[in-house]
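Only one structure is covered here, and it is reproduced in the block below.
What follows is calculated from the coordinates using simple rules that are stated; it is not laboratory data. Since we're looking at a predicted model, the values are computed, not measured. We place every Cβ from the backbone using ideal geometry, glycine too, and count neighbours over all the protein chains shown.
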Amino acid sequence: RSAAASGEVKGSYLNVTAATMEEMYERAEFAKLVGSVIIMIDLVIGYTAIQSMAVWSRKNDMILHLHRAGNSAYARQKNHGINFRVICKWMRMAGVDHIHAGTVVGKLEGDPLMVKGFYNVLLQTSLDINL
């Protein structure tokens with residue numbers, strides 16, 4: 001109904017996050033079976049699992065979306081943690097296609113310039129070596 005009312009294409013990202021890789025692969029296969037072209041995973045599954053899901057997505061012609069679930073635990077601290085710009089770069093290198101980088105309003109709100117910085121990092125087509 002919302003697509004008809006707005007004239008916009010609507011869709012959903014099926015979250016395949018689970019406790020084991022086997023369960024995530026099973027959920028991803030189900031998402032593909034029902035016609036989804038994109039699957040979602042949460043950041044909290046860890047970097048190795050994220051890369052494994054990226055490989056699965058490539059092999060199955062699926063788009064991989066990363067949700068920031070768990071990011072605040074280490075990114076919103078002022079005196080320690082990992083800036084989300086760094087995580088954005090890591091996730092792109094890990095094979096993630098699409099990242100929920102936040103908004104300037106709502107639950108994942110942030111300073112407009114900070115959020116713009118996340119998107120600027122994600123839009124880069126290459127990364128300069130800075131050793």
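Electrostatic bookkeeping for W56 treats Lys and Arg as +1 and Asp and Glu as -1; over the other residues with beta carbon under 14 Å from its beta carbon, the sum is -2.
By the count of neighbouring beta-carbon atoms within 10 Å, fewest first, L43, L113 end up ordered L113, L43. With the gyration tensor restricted to C-alpha atoms of the range 1-42, the semi-axes of the equivalent ellipsoid amount to 27, 10, 6 Å, longest first.
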